[in-house]
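Q: After the structure tokens below, expect a handful of questions from me.
The values are calculated or read from the model by the stated rules, or taken from the named source; none is laboratory data. It should be emphasised that the depicted structure is a prediction, and the values quoted were computed from it without experimental measurement. Cβ coordinates were reconstructed from backbone atoms using ideal geometry, including for glycine residues, and neighbour counts include every protein chain displayed.
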Amino acid sequence: MTRTRRRLIQFAALAALLSLWEAAFRLGLLSPIIFGSPSLIVRAVTQDGWTFAHAFRITVFEIAKAVLIAWTAGILFGAVAASLPALARVSAPILSALIAVPLVVLYPVLIAWLGLGPSSKVVFGVVSGIFPIALNTMIGVQGIDRGYAQMAAAMGANPRQIMFQVMAPLALPAIVSGLRLGTALIVIGVVLSEMLGSTDGIGFWISYHRALFNTGQVYLGILLALLVAGLANAALSLVERFYVRQAANLSVP
Amino acid sequence: MPSGVQMTAEDIARETIVVDGVGKTYGGGTHALTALTDVSFTVREGEFATLVGPSGCGKSTLLQILAGLVPASSGLVAIDGRMVTGPSPDKIGVMFQDAWLLPWKTAAENVEFPLVLRKVKPAERRKRALPLLELVGLASFADRYPDELSGGMRQRVAIARCLVQEPRVLLMDEPFAALDEQTRTRMGNELLQIWEKSGGTVVFVTHGLTEAIYLADTVFVMGTRPGRIIERIAVPLSRPRSIDMIGSESFGRLRNHIWHLIAEVRT
């Protein structure tokens, strides 16, 4: 099956699903307060489109900042911990435990420290996503057979060359899987923290309109949150492809 | 050369590889583990030497010390008249049981990698790598990735990579041990041909007695607990070697002799 044909079928299926939803709503089979409808979402766009556009921008920026901080700090910590056995032994169980802890209990404290503005969301996003990134990087680097480093040393590689031209590309698959998990958790963390206590952002407007039973607006917010998640995933794939190509071309000075 | 005798500067300069009173101890105090003790031998220019011994005799450790990858606890190692204090890739090529090819690089790029580390220009790198791939019979596999190559082919790439910096000494740590017997024998023959062409000095670690005798001018037999050299044997076979020699009476006698040496120290 060609790519365009597959796309066409996917769109047709989506259109059919939306029509079915709208029809069920019009026939009174679905409660408008619980299920909304495509037409209610369209009306929400005409009523509150600009508010949501602004909220979308805020949420995207919060996520972008959290991603930048969590990726950098997580990979750095993981790589350093992997090369210091004592630190790795201590931090591995702590990192695993922190991934399992419901970090959302921290959020009220973060609000008290940082207020309701974007910074508490960024920090909560970082806290949500950094641990799997650090842990995966650490495990990835530790999992590389020492033979590679020994071989490179025998060929005259200095520690920096061993790190960037041998170890980093070898650890890349593990690091990327950590980034996938961490980035998803950051998106969840930021939107969730907006819902719990804030003054703007997609999460905030979802919970605001939920309270007022504006189901169309709630669904619009949900769609935008999905879009944010999709964007984050696309950005990750882009970075992944870029680095895989980099790794393949590291030999080119 | 008897052990414990101080090497003179003249000795060091004359021999390609000089190992004098080398010991290696891991850990300290009551948990100290002696891997090697008072190992002394010399290998002359162009000689093919094999180190053979039971597992745990420290032959791999000894090779790593020669390669400058692991420091000796005592004694000295000199290669080409200079003390070994760290890796010297321009003089020494090292090969391990696994090729350790970088999986995202093609065969040719792997051969070029030591040159990449020394920032040699891409065109020059390719020019030096391709003849070596041809030498090991992989000219048509230059653009294949390691996971598309067999175990024997991967070790051939590793040989080419070893040779790309034109080292005068090759140190090989059981390079063919993971291969099946037929491939191992063929690789041994190819290695001998390459060695006869390039004329370098080789130290080859193995636990295979047949391989140790077949390849070598000199066999160093090692004993275990602690690791040490128990006998130096000059192999009386002529060159070039052929498979038929393995069946000869003198080969069998030599093999038995080494076998008994190793069996004795084991019990």
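Q: Determine which member of the set B:L51, B:L76, B:L117, B:L62 is more than 28 Å from B:T224 (Cβ to Cβ) and at pLDDT 85 or above.
A: Details: B:L51 fails: more than 28 Å from B:T224 (Cβ to Cβ); B:L76 fails: more than 28 Å from B:T224 (Cβ to Cβ); B:L62 fails: more than 28 Å from B:T224 (Cβ to Cβ).
Matching residue, one of B:L51, B:L76, B:L117, B:L62: B:L117.
Q: Then there is this: Being out of contact with any strand residue (DSSP E or B) (no Cβ under 6 Å at 6 or more places or on another chain) and among the polar types (S, T, N, Q), is that true of even one residue in the range B:74-82?
A: Of the residues in the range B:74-82, the ones out of contact with any strand residue (DSSP E or B) (no Cβ under 6 Å at 6 or more places or on another chain) are B:80-82.
Then drop every residue that is not among the polar types (S, T, N, Q), which leaves none.
Checked the range B:74-82: no residue is out of contact with any strand residue (DSSP E or B) (no Cβ under 6 Å at 6 or more places or on another chain) and among the polar types (S, T, N, Q).
Q: If you don't mind, another one. Is there a residue being exposed (fewer than 14 other Cβ atoms within 10 Å of the Cβ), in a loop (DSSP other than H, G, I, E, B), aliphatic (A, V, I, L, M) and without any contact (Cβ under 8 Å) to a residue 40 or more places away in the chain anywhere in the range A:27-49?
A: Yes - at least one qualifying residue is present in the range A:27-49.
Q: Among the residues of the range A:152-175, how many are part of a helix (DSSP H, G or I), of a type in the set (S, T, N, Q) and under 17 Å from B:G86 (Cα atoms)? Outline the logic, then answer.
A: Residues of the range A:152-175 that are part of a helix (DSSP H, G or I), as a first pass: A:152-154, A:159-175.
Narrowing further to those that are of a type in the set (S, T, N, Q): A:161, A:165.
Applying the additional criterion that residues be under 17 Å from B:G86 (Cα atoms) yields A:161.
Adding up the residues that qualify gives 1.
Q: Suppose we filter the range B:238-267 for residues that are surrounded by 17 or more Cβ atoms within 10 Å (Cβ to Cβ) and either in a loop (DSSP other than H, G, I, E, B) or of a type in the set (S, T, N, Q) (or both); how many remain?
A: The number of residues fulfilling the criteria is 1.
Q: Among the residues of the range A:140-151, write down those that are assigned to a helix (DSSP H, G or I), more than 8 Å from chain B (Cβ to nearest Cβ) and modelled with pLDDT of 90 or more. Can you show your working first?
A: The first filter runs over the range A:140-151 and keeps only residues assigned to a helix (DSSP H, G or I), leaving A:140-142, A:146-151.
Remaining after also requiring more than 8 Å from chain B (Cβ to nearest Cβ): A:140-142, A:146, A:149.
Of everything in the range A:140-151, those that are assigned to a helix (DSSP H, G or I), more than 8 Å from chain B (Cβ to nearest Cβ) and modelled with pLDDT of 90 or more turn out to be A:G140, A:V141, A:Q142, A:A149.
Q: Still on this structure: Any residue at all in the range A:41-58 that is out of contact with any strand residue (DSSP E or B) (no Cβ under 7 Å at 6 or more places or on another chain), among the acidic types (D, E) and closer than 30 Å to A:M138 by Cβ? Write out each step before concluding.
A: Let us first name the residues in the range A:41-58 that are out of contact with any strand residue (DSSP E or B) (no Cβ under 7 Å at 6 or more places or on another chain), namely A:41-58.
Okay, now just the ones that are also among the acidic types (D, E), so A:48.
Applying the additional criterion that residues be closer than 30 Å to A:M138 by Cβ yields none.
No: the range A:41-58 contains no residue that is out of contact with any strand residue (DSSP E or B) (no Cβ under 7 Å at 6 or more places or on another chain), among the acidic types (D, E) and closer than 30 Å to A:M138 by Cβ.
Q: I'd like to know if the range A:152-172 contains one or more residues that are out of contact with any helix residue (DSSP H, G or I) (no Cβ under 7 Å at 6 or more places or on another chain), more than 14 Å from chain B (Cβ to nearest Cβ) and among the aromatic types (F, W, Y). It would help to see each step written out before you state the result.
A: So in the range A:152-172, the residues out of contact with any helix residue (DSSP H, G or I) (no Cβ under 7 Å at 6 or more places or on another chain) come out as A:158-160, A:163-165, A:168.
With the extra rule that they be more than 14 Å from chain B (Cβ to nearest Cβ), the set shrinks to none.
Within the range A:152-172, none of the residues are out of contact with any helix residue (DSSP H, G or I) (no Cβ under 7 Å at 6 or more places or on another chain), more than 14 Å from chain B (Cβ to nearest Cβ) and among the aromatic types (F, W, Y).
Q: What's the total number of residues in the range B:62-71 that are free of Cβ contacts under 8 Å to residues at least 60 places away in the same chain, under 12 Å from B:V22 (Cβ atoms) and within 14 Å of the chain's Cα centre (by Cα)? Before you say what the answer is, go through the steps one by one.
A: Of all residues in the range B:62-71, those free of Cβ contacts under 8 Å to residues at least 60 places away in the same chain come to B:65, B:68-71.
From what is left, the residues that are under 12 Å from B:V22 (Cβ atoms) are B:65, B:70-71.
Now restrict to residues that are within 14 Å of the chain's Cα centre (by Cα): B:65.
Summing the residues that are free of Cβ contacts under 8 Å to residues at least 60 places away in the same chain, under 12 Å from B:V22 (Cβ atoms) and within 14 Å of the chain's Cα centre (by Cα) in the range B:62-71 gives 1.
Q: Would you check if B:K59 is under 15 Å from the mean Cα position of the chain (by Cα) and surrounded by fewer than 23 Cβ atoms within 10 Å (Cβ to Cβ)? Full working, then the answer.
A: Values: under 15 Å from the mean Cα position of the chain (by Cα): yes; surrounded by fewer than 23 Cβ atoms within 10 Å (Cβ to Cβ): no.
Here the answer is no, as B:K59 does not meet what is asked.
Q: Of the residues A:A53, A:A79, which single one is surrounded by 14 or more Cβ atoms within 10 Å (Cβ to Cβ) and assigned to a helix (DSSP H, G or I)? It would help to see each step written out before you state the result.
A: Numbers: A:A53 fails: surrounded by 14 or more Cβ atoms within 10 Å (Cβ to Cβ).
Going through A:A53, A:A79 in turn, just one is surrounded by 14 or more Cβ atoms within 10 Å (Cβ to Cβ) and assigned to a helix (DSSP H, G or I): A:A79.
Q: Condition first: of a type outside the set (S, T, N, Q), closer than 15 Å to A:G147 by Cα and in a helix (DSSP H, G or I). Now tell me which residues in the range B:58-71 satisfy that.
A: Matches in the range B:58-71: B:L63, B:A67.
Q: May I pose another question? Just a yes or no: is a residue in the range A:137-158 within 17 Å of the chain's Cα centre (by Cα), within 24 Å of A:V239 (Cα to Cα) and crowded, with 17+ Cβ neighbours inside 10 Å? Working first, answer last.
A: Going through the range A:137-158, the residues within 17 Å of the chain's Cα centre (by Cα) turn out to be A:137.
Those left that are additionally within 24 Å of A:V239 (Cα to Cα): A:137.
Next cut, crowded, with 17+ Cβ neighbours inside 10 Å only: A:137.
Yes, the range A:137-158 has at least one match.
Q: Taking the stated definitions as given, is B:A212 under 29 Å from B:L36 (Cα atoms), outside the structural domain of B:V19 (by TED's automatic domain parsing) and touching a residue at least 40 places away in the same chain (Cβ under 8 Å)?
A: no
Q: How many residues, within the range B:126-174, are more than 30 Å from B:G56 (Cα to Cα) and hydrophobic (A, V, I, L, M, F, W, C)? Break it down stepwise before answering.
A: Of all residues in the range B:126-174, those more than 30 Å from B:G56 (Cα to Cα) come to B:126-149, B:164-166.
Narrowing further to those that are hydrophobic (A, V, I, L, M, F, W, C): B:129-130, B:132-133, B:135-136, B:138-139, B:141-142, B:149, B:164.
Matching residues across the range B:126-174 total 12.
Q: For residues that are under 20 Å from B:S55 (Cα atoms) and hydroxyl-bearing (S, T, Y), tally how many sit in the range B:219-267.
A: Final tally of qualifying residues: 2.
Q: How about the range B:115-146: which of its residues are within 14 Å of B:L101 (Cβ to Cβ) and small (G, A, S)?
A: Result: B:A129, B:A142.
Q: Given the criteria under 17 Å from the mean Cα position of the chain (by Cα) and of a type outside the set (D, E, K, R), does A:G182 qualify?
A: Numbers: under 17 Å from the mean Cα position of the chain (by Cα): yes; of a type outside the set (D, E, K, R): yes.
Here the answer is yes, as A:G182 does meet what is asked.
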